[in-house]
């Protein structure tokens with residue numbers, strides 16, 4: 001589906017030739033209630049950073065063809081359907097800097113059924129959108145979890161929309177949640193499996209981590225047995241492998257306030273190690289706030305690796321553990337900051353030093369780049385990314401950072417926040433290289 | 001796509017057996033970020049009009065199967081995917097009265113990966129939604145134009161979503177805009193044409209009116225010739241007939257502030273009369289504010305009918321002409337009422353008496369039930385529907401009233417406003433029968 005805002009997030013980028021950055025472009029949806037012939041599109045003016053490019057200076061692309069204003073006015077046989085965005089191209093040698101820009105457009109459309117005195121109809125739209133400019137050879141790989149788009153998935157975004165957006169912002173990895181994004185889970189149709197492979201190929205994405213659950217408290221009267229837990233995990237290992245994923249994160253039911261996993265976890269995972277080896281899957285439970293790195297839960301996982309000698313089990317770090325400032329300010333961002341007691345434990349500043357990673361780094365296989373906010377200056381007020389990046393680089397980590405936006409869920413906010421996070425990551429890459 | 005609100009508009013209705021109204025039901029989307037096993041759904045409580053039905057008193061339907069609370073808790077093999085709504089059924093002999101209700105739900109879900117002390121997670125949602133209760137043998141036929149859902153189409157709603165909603169509120173007619181809702185217009189694929197027929201059959205809808213344009217000012221340097229105008233109209237008559245429509249409304253370019261159509265209209269329409277007869281299409285230009293019924297434009301159309309003796313041309317009434325109060329209050333409803341001079345002419349109270357219909361009634365073939373607001377008491381502050389209905393009944397009109405919501409375009413507002421309008425129409429039907 002298109003973004004309901006006229007100015008779309010997806011597609012805002014600099015334009016280049018072989019040897020130069022020539023300008024920038026953005027996508028707008030048709031503000032009319034019908035599609036129209038291209039000759040009735042009378043150009044678009046664009047304002048960014050106090051400079052305006054008039055409707056005579058920009059060009060537009062409709063259905064694959066680029067038009068200047070005179071060409072638009074004289075055009076025949078071309079259209080701007082409601083279901084397609086129009087690309088607006090702005091000449092600007094060097095392009096725009098990466099980051100958040102307030103972009104304004106005036107879209108001029110002519111409607112013969114209105115008196116000529118009122119023509120063209122001009123639709124003004126204005127919006128802060130983020131231009132991401134990925135570095136050519138980053139130290140880490142970047143991905144996005146569909147979790148970032150919670151509440152927008154299946155209401156505003158199809159799975160394909162989400163994948164297109166992830167690819168558009170320059171990420172290469174796609175992380176999904178099994179029982180969220182696989183229709184007919186746990187038994188998707190073969191047609192859907194084929195569609196999935198076609199979709200990731202089209203958007204040049206690599207399936208990374210497959211979110212899985214071992215629902216130890218499925219029923220009120222008894223817990224899952226280890227055998228049942230293993231069956232849930234094996235089911236997802238098979239499905240993840242079929243879909244081309246490399247990691248499976250089992251979210252294991254807990255038995256305490258500090259998230260000690262149900263004791264079945266050990267046997268449930270052990271029963272799946274041969275299958276994981278066969279399917280080239282690494283099982284990776286997450287280290288998630290309020291559990292720090294130096295904790296019996298992590299010790300238990302490390303002991304498991306030692307004991308079994310497995311190569312198919314590793315640690316997944318959720319970067320929420322590094323928070324130096326609590327994140328909860330009321331989910332709608334309008335509330336006053338809550339007192340520390342009101343803040344749910346996983347959102348409190350756990351303040352794990354990034355240097356705590358060093359001891360466990362050889363077992364860290366995946367990082368969920370959990371975050372709650374990146375502001376318009378590309379600053380994250382909660383998580384000390386520079387420290388985290390420094391340790392990861394120093395330790396030679398070359399795996400994925402997979403965005404997990406978990407802040408307020410206003411429509412489209414997750415999309416914009418993930419774009420900001422990636423713009424910030426690439427800025428850090430440039431600074432630290 | 002699902003409504004982003006937890007409580008959906010579509011599906012709110014009374015439940016019946018063969019001889020009684022037994023309660024009501026509504027649809028909710030899954031407030032979690034993943035789908036879950038049905039045993040982790042711990043029921044839903046519902047509050048309407050000060051009365052609460054607890055999670056032990058309601059039942060839910062997941063994937064076609066109805067569950068009480070104990071059955072839910074013990075269930076295996078059933079799920080609540082993110083992509084599907086859950087039906088919540090509430091026992092209430094006699095059901096709810098038609099109209100707007102503030103409905104609140106508390107959806108209880110269990111998450112084994114959260115400490116048991118915090119379980120179940122309860123999601124509270126509250127929303128004013130409209131229950132429509134169509135009369136069994138209405139005097140008129142009711143339809144909806146996709147125009148009502150402008151800005152929501154292709155951003156929040158697929159065409160199928162729109163058709164499902166139209167069917168859900170009890171309407172039988174679907175009106176579309178050609179160059180808006182036909183992918184690949186003017187040449188949709190045969191696959192899409194097949195899909196369209198399957199879609200209207202599935203939702204038991206009758207295609208009514210096909211919105212068309214004669215874009216007289218396609219280019220700045222010259223107007224369309226009558227022959228070119230006829231080609232645009234013929235193209236749409238053919239397409240409308242292929243899709244099963246009975247009416248084609250050409251929106252003709254105008255040459256004056258009071259919307260006098262371009263003089264090519266006469267020859268352009270005349271050239272299409274044989275085709276329209278062959279295809280069983282009635283061409284019906286709209287009488288639209290600020291043009292009243294007693295006006296040279298209407299006289300011209302009547303003269304055309306007299307002169308040609310055609311049965312394939314009639315009048316379409318847009319009910320905006322009957323407004324007794326101007327509609328413009330700032331499109332976001334937050335502005336102070338504009339002065340009359342600021343109000344665009346079509347939104348000013350034209351105050352055409354409904355009795356003016358009498359003289360032209362034998363040529364009125366279709367009515368677009370244009371409106372800007374129906375309030376929570378099912379009152380339209382702008383249009384005197386009782387008078388309009390009285391004249392239409394007295395004149396023996398049995399055709400369609402096809403909703404054209406044209407008020408503020410906040411997300412999902414059009415859906416809710418059309419539901420209110422239909423609830424109001426059925427209330428009027430009962431009062432006047």
Looking only at residues that are surrounded by fewer than 24 Cβ atoms within 10 Å (Cβ to Cβ) and without any contact (Cβ under 8 Å) to a residue 60 or more places away in the chain in region A:164-174, which one is farthest from residue A:209 (Cα to Cα)?
A:167
Inter-residue pairs, beta-carbon under 7 Å, first touching a residue at least 24 places away in the same chain (Cβ under 8 Å) and on the phi > 0 side of the Ramachandran plot and in region B:40-62, second in a loop (DSSP other than H, G, I, E, B) and surrounded by fewer than 14 Cβ atoms within 10 Å (Cβ to Cβ), 6+ apart:
B:43/B:56
Considering (1) in a helix (DSSP H, G or I); (2) over 24 Å from residue A:287 (Cβ atoms), say which one residue A:409 fails and leave the rest.
(1)
Somewhere in region A:362-370, is a residue crowded, with 21+ Cβ neighbours inside 10 Å and either touching a helix residue (DSSP H, G or I) at 6+ places or on another chain (Cβ under 6 Å) or modelled with pLDDT under 95 (or both)?
yes
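Residues in region A:236-260 that are under 24 Å from the mean Cα position of the chain (by Cα), assigned to a loop (DSSP other than H, G, I, E, B) and either at the interface with chain B (Cβ under 10 Å from one of its Cβ atoms) or crowded, with 19+ Cβ neighbours inside 10 Å (or both): how many?
Residues that pass the stated criteria total 3.
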So residue A:56 passes all but one of these: (1) in a loop (DSSP other than H, G, I, E, B); (2) within 19 Å of residue A:121 (Cβ to Cβ); (3) within 34 Å of the chain's Cα centre (by Cα). Which condition number does it fail?
(3)
Quick check on region A:59-66. Is at least one of its residues under 18 Å from residue A:90 (Cβ atoms), buried (at least 20 other Cβ atoms within 10 Å of the Cβ) and either within 9 Å of another protein chain (Cβ to nearest Cβ) or more than 31 Å from the chain's Cα centre (by Cα) (or both)?
no
All but one of (1) within 30 Å of residue A:425 (Cβ to Cβ); (2) touching a helix residue (DSSP H, G or I) at 6+ places or on another chain (Cβ under 8 Å) hold for residue A:95, so report the exception by its number.
(2)
For region A:393-407, which residues satisfy the criterion of being away from chain B (no Cβ under 14 Å) and surrounded by fewer than 22 Cβ atoms within 10 Å (Cβ to Cβ)?
A:393, A:394, A:395, A:396, A:397, A:398, A:399
Unique residue being buried (at least 21 other Cβ atoms within 10 Å of the Cβ), free of Cβ contacts under 8 Å to residues at least 60 places away in the same chain, at the interface with chain B (Cβ under 8 Å from one of its Cβ atoms) and over 30 Å from residue B:152 (Cα atoms) when the list is A:213, A:219:
A:213
Which of the residues belonging to region B:337-350 are exposed (fewer than 13 other Cβ atoms within 10 Å of the Cβ) and in contact (Cβ under 8 Å) with a residue 12 or more places away in the chain?
B:340, B:342
Of all residues in region A:311-354 being at pLDDT 95 or above, outside any loop (DSSP other than H, G, I, E, B) and out of contact with any strand residue (DSSP E or B) (no Cβ under 7 Å at 6 or more places or on another chain), which is nearest to residue B:121 (Cα to Cα)?
A:322
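Being closer than 20 Å to residue B:367 by Cα and either touching a helix residue (DSSP H, G or I) at 6+ places or on another chain (Cβ under 9 Å) or within 11 Å of chain A (Cβ to nearest Cβ) (or both) is true for just one of B:175, B:231. Which residue is that?
None of the other options fit; the residue is B:175.
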Would you be able to say whether some residue in region A:75-91 is buried (at least 17 other Cβ atoms within 10 Å of the Cβ) and farther than 30 Å from residue A:166 by Cβ?
yes
Taking the condition of being within 12 Å of the chain's Cα centre (by Cα), part of a strand (DSSP E or B) and within 22 Å of residue A:101 (Cβ to Cβ), how many residues in region A:127-177 meet it?
2
Could you please give the count of residues in region B:178-191 that are part of a helix (DSSP H, G or I) and either within 12 Å of chain A (Cβ to nearest Cβ) or crowded, with 19+ Cβ neighbours inside 10 Å (or both)?
4
Would you mention how many residues in region A:68-101 are closer than 22 Å to residue B:183 by Cα and within 11 Å of chain B (Cβ to nearest Cβ)?
11
Candidate set from region A:102-141 (those that are within 30 Å of residue A:392 (Cβ to Cβ) and buried (at least 19 other Cβ atoms within 10 Å of the Cβ)); member that is nearest to the other protein chains (Cβ to nearest Cβ)
A:129
Is it the case that region B:18-27 has a residue that's touching a helix residue (DSSP H, G or I) at 6+ places or on another chain (Cβ under 9 Å) and either on the phi > 0 side of the Ramachandran plot or surrounded by fewer than 20 Cβ atoms within 10 Å (Cβ to Cβ) (or both)?
no
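Going by what's in this entry, would residue B:159 be described as buried (at least 19 other Cβ atoms within 10 Å of the Cβ) and in contact with a helix residue (DSSP H, G or I) (Cβ under 6 Å, 6 or more places away or on another chain)?
yes
The values are calculated or read from the model by the stated rules, or taken from the named source; none is laboratory data. As the structure is a computational prediction, the values presented were derived from the model and not from experiment. Backbone-built Cβ (ideal geometry, glycine too); neighbour counts: all protein chains shown.
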